[in-house]
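Worksheet: the structure to be examined is printed underneath.
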Amino acid sequence: MIFHNALDIAEIVRQLLEEGWEIDPEDLAHISPYLTEHIKRFGEYSTHELGIQPEAYDPKLDVDFTQLRDEDLTAAGLGQAA
């Protein structure tokens with residue numbers, strides 16, 4: 001379920017980028033694919049889709065996360081010269 005949610009989030013980000021929205025990596029850092037409100041733990045699920053071949057997964061998002069990485073390295077004391 002988490003992977004499916006991550007795919008959905010990535011697709012929405014791609015759509016927003018195509019529409020001209022500017023995506024701030026700080027905002028994306030607060031989104032979690034571990035959303036469970038829509039999951040019926042003991043519910044009924046259709047399995048007829050299991051035979052359908054999924055589209056190829058595209059892991060690329062045109063969002064620059066280097067700012068967040070650099071901030072994390074600096075906070076950990078790893079981004080500073082010795």
#### Entry: Other-chain or far-sequence residues with amide H under 5 Å of LEU61's (modelled H)
none
### Task
Pop out the ³J(HN,Hα) list for region 48-63 in order, Karplus 6.51 cos²θ - 1.76 cosθ + 1.60 with θ = phi - 60°, rounded to Hz; leave Gly and Pro as x.
5, 7, 4, x, 7, 6, x, 5, 4, 7, 10, x, 7, 10, 8, 10
### Message
Please list, in order along region 13-28, the HN-Hα scalar couplings obtained from phi with the Karplus expression 6.51 cos²θ - 1.76 cosθ + 1.60 (θ = phi - 60°), rounded to whole Hz, x for Gly and Pro.
### Response
4, 4, 4, 5, 5, 5, 7, x, 6, 8, 9, 8, x, 4, 5, 5
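Taking the highest mean first, how do the peptides 19-31, 50-62, 2-14 order by number of other beta carbon atoms within 10 angstrom per residue?
The densest-packed peptide leads the list: 2-14, 19-31, 50-62.
FYI, it's all coordinate maths here, none of it is from the lab. These figures come from a predicted structure and were not determined experimentally. Methodologically, a virtual Cβ is constructed for each residue, glycine included, from the backbone with ideal geometry; neighbour enumeration extends over all protein chains shown.
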